[in-house]
Number of protein chains: 2
Amino acid sequence: MLTLDQLSLKVKEYFDAEDFHGTPANLFDPIAYTLADGGKRIRPLMLLAATDLFGGDLRQSRYAAIGIETFHNFTLLHDDLMDQSPIRRGKTTVYLKWNPNTAILSGDAMNILAWQYFLKQPHPNLHQILNIFQQTSMEICQGQQYDMDFEQRNDVTIPEYLEMIRLKTAVLLAAALKIGALYANAPQADTDALYDFGINIGLAFQLRDDLLDAYGDTQTFGKQTGTDIKDNKKTYLLLKALQTADTAQRQQLADLFSSTPADPQPKIKQVLAIYDQLQIKQQTETQIALYHEAAIRSLDSIDLPQESKQPLHQLTQKLLNRNI
Amino acid sequence: MLTLDQLSLKVKEYFDAEDFHGTPANLFDPIAYTLADGGKRIRPLMLLAATDLFGGDLRQSRYAAIGIETFHNFTLLHDDLMDQSPIRRGKTTVYLKWNPNTAILSGDAMNILAWQYFLKQPHPNLHQILNIFQQTSMEICQGQQYDMDFEQRNDVTIPEYLEMIRLKTAVLLAAALKIGALYANAPQADTDALYDFGINIGLAFQLRDDLLDAYGDTQTFGKQTGTDIKDNKKTYLLLKALQTADTAQRQQLADLFSSTPADPQPKIKQVLAIYDQLQIKQQTETQIALYHEAAIRSLDSIDLPQESKQPLHQLTQKLLNRNI
């Protein structure tokens, strides 16, 4: 069994061994730019941790680990274009550094590249693995579309929001774990348990993200706080607030979330004041804890020594405390 | 063995049996819009014809046939956005009927949907089939990038142009044929011959397209003639003309192809006059005939009764005479 640090080193080693450049340069340079030392690489880490948990050979799942991160980065590349986001991981986004057409086509090539990696290593479970990957890929598109649809709607419910983040964020973490376990020929009950673990971690992760955007320390979180409020974004916090607000508060929130003042600070302050009145922070923390507990229960259901699950426990802690 | 008409009916039957709608509607409506009664469906027709040629069961390759057409339409959807083309097959393109973000995301979903179809039917050759599909998909992205790169360059050579159209157009026809044959467990020499047949047909097809744009009858061709000249597009005709022109003619062409007059008709006339002086039409016809002959030689190399190859011969005729 490897420790979390050893698994992280494996991820780094595997990525460092790949050269994402190719011809024509205008197609592959943005891919190499996006994948080079990019981000936390949580998904490949989870995938390899799952293979290792069941005593599998990491060399069998190494290309799937690269494939799942390549796919994830393809979705970010296209999302950044669709959202017109200028910065990703402290670097200019591809559509700005190059141009929108390059972002479209390089993203398409990255989606295909992810499949190339998945197909690189034959395995008895490969058909099942590819089926999970295609289903998950499609769910992520559905999640992104729901997210865009919700921007145009004022009647989004909490269950709808949770389903959206399940599709947009949670299923890829869950699939990474399940796929990793399938490379180790884990029994179905265990791969299902690991999938549930990933879904709950993913939901908790996204609610933590919503929370940090409103209450996080800019320095630790690495993003400006209050941007969701500034951008009138529907988050768990807002939907929970709307659900528990009285008529006056609901009207206040509706007014605030339809305004875009030049200086957003007073608006952010007012919204946070209402959130405080309604104890939104505490309510969200409670919901995160529930998902976290559900995740741990799923992990506990797998009949393996506790110490072998240590890397996944640690990874969960890091993710949900967001020190990673 | 089925006739070409019977194979066409199979394609229609298979597509009519699919429902491309789904939720969220904003993701799947553009997919259904694009795939419903869309185009000539040459690639699935070739795929099924290849399966049938080797006595295979069409029910085994039916989903691959849908998958390859889904992939092709995904590339058109994104190309139309990148090229800002308003019309496709007489209908408003997706990015205009909906919006650019919808075109990006629905296109992404179509790319994934193509994989879903390929994965639907287990087959002993599936891994090989998927490998051909991923390689071909990537080559098409490379071809599209070369095409965009060439717009910015004034020193494109004929071999570079031929390589670009091989990637952008020919490989998908070739892959369709090879994949169809693999579903019938055809021997490797034959699947390779069929691939070569497809490459040569594809090259001939694209040169015919270049020729028709300049010389075609608007009514039969279904497009305005002279648009490539109007848009200063580098085609085989232009590159051949530049290759064979004297200094004065080369200068004239350079001047004409850097102008965009409000009324393009005089410019089109002048360019065609130079083409006529240089016998570009005849030279291109000769090149098309060479590719056509090479294609037929590849088809002839397959040791099967001539009559069984009838559908592929007829399809080639229709494609290259463009009555289909």
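The values are calculated or read from the model by the stated rules, or taken from the named source; none is laboratory data. Keep in mind the model is a prediction, meaning the values are calculated, not measured. Ideal geometry is used to build each Cβ from the backbone, glycine not excepted, and the neighbour counts take in all protein chains shown.
Worth pointing out:
- Among helices (runs of 4 or more DSSP H) entirely within segment B:238-317, having at least 2 residues that are in contact (Cβ under 8 Å) with a residue 12 or more places away in the chain and within 21 Å of B:Leu203 (Cα to Cα) singles out B:280-300.
- Residue within segment A:179-202 that is at pLDDT 95 or above and within 14 Å of chain B (Cβ to nearest Cβ) present: no
- If the condition is being small (Gly, Ala, Ser) and facing chain B (nearest Cβ under 9 Å), then segment A:112-138 contributes only A:Ser137.
- Matching residues, segment A:99-111, being within 20 Å of the chain's Cα centre (by Cα) and facing chain B (nearest Cβ under 8 Å): A:Gly107, A:Asp108, A:Asn111
- Hey, A:Gln145 more than 8 Å from chain B (Cβ to nearest Cβ) and of a type outside the set (A, V, I, L, M, F, W, C) or not: no
- Hey, A:Lys281 of a type in the set (D, E, K, R), surrounded by 14 or more Cβ atoms within 10 Å (Cβ to Cβ), at pLDDT 95 or above and within 30 Å of A:Leu48 (Cα to Cα) or not: no
- Comparison of B:Asp80, B:Asp149, B:Asp108 shows that the only residue that is touching a strand residue (DSSP E or B) at 6+ places or on another chain (Cβ under 8 Å), of a type in the set (Asp, Glu) and modelled with pLDDT of 95 or more is B:Asp80.
- Sub-6 Å Cβ pairs linking a first residue in segment B:173-186 that is closer than 13 Å to B:Leu53 by Cβ to a second residue that is among the basic types (Lys, Arg), at least 6 apart or interchain, are B:Ala176/B:Arg43, ordered by first then second residue.
- Qualifying positions in segment B:78-98 - more than 9 Å from every other protein chain (Cβ to nearest Cβ), surrounded by 22 or more Cβ atoms within 10 Å (Cβ to Cβ) and under 21 Å from B:Glu151 (Cβ atoms): B:Thr93, B:Tyr95
- Checking every residue in segment B:215-229 against the condition of being on the phi > 0 side of the Ramachandran plot, surrounded by 20 or more Cβ atoms within 10 Å (Cβ to Cβ) and either in contact (Cβ under 8 Å) with a residue 24 or more places away in the chain or more than 14 Å from chain A (Cβ to nearest Cβ) (or both) gives at least one match.
- Residue list for segment B:1-23, filter: buried (at least 17 other Cβ atoms within 10 Å of the Cβ) and closer than 27 Å to B:Thr102 by Cβ: B:Tyr14, B:Phe15, B:Phe20
So that you can scan it fast, the table gives a plain yes or no per residue for (1) within 14 Å of chain A (Cβ to nearest Cβ); (2) in contact (Cβ under 8 Å) with a residue 60 or more places away in the chain; (3) touching a Leu at 6+ places or on another chain (Cβ under 9 Å); (4) under 21 Å from A:His78 (Cα atoms):
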{"site": "B:Arg41", "(1), (2), (3), (4)": "no, no, no, no"}
{"site": "B:Met46", "(1), (2), (3), (4)": "no, yes, yes, no"}
{"site": "B:Ser61", "(1), (2), (3), (4)": "no, yes, yes, no"}
{"site": "B:His72", "(1), (2), (3), (4)": "yes, yes, yes, yes"}
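- For segment A:53-77, filtered to residues that are surrounded by 24 or more Cβ atoms within 10 Å (Cβ to Cβ) and among the charged types (D, E, K, R), the residue that is nearest to A:Ala109 (Cα to Cα) is A:Glu69.
- Subset of segment A:117-135 that is surrounded by fewer than 20 Cβ atoms within 10 Å (Cβ to Cβ) and either in contact with an Asp or Glu (Cβ under 8 Å, 6 or more places away or on another chain) or polar (S, T, N, Q) (or both) - its residue that is farthest from B:Met148 (Cα to Cα): A:Asn125
- Annotation: of all residues in segment A:148-170 being more than 21 Å from A:Asn200 (Cβ to Cβ) and of a type in the set (A, V, I, L, M, F, W, C), the one that is farthest from the other protein chains (Cβ to nearest Cβ) is A:Val156.
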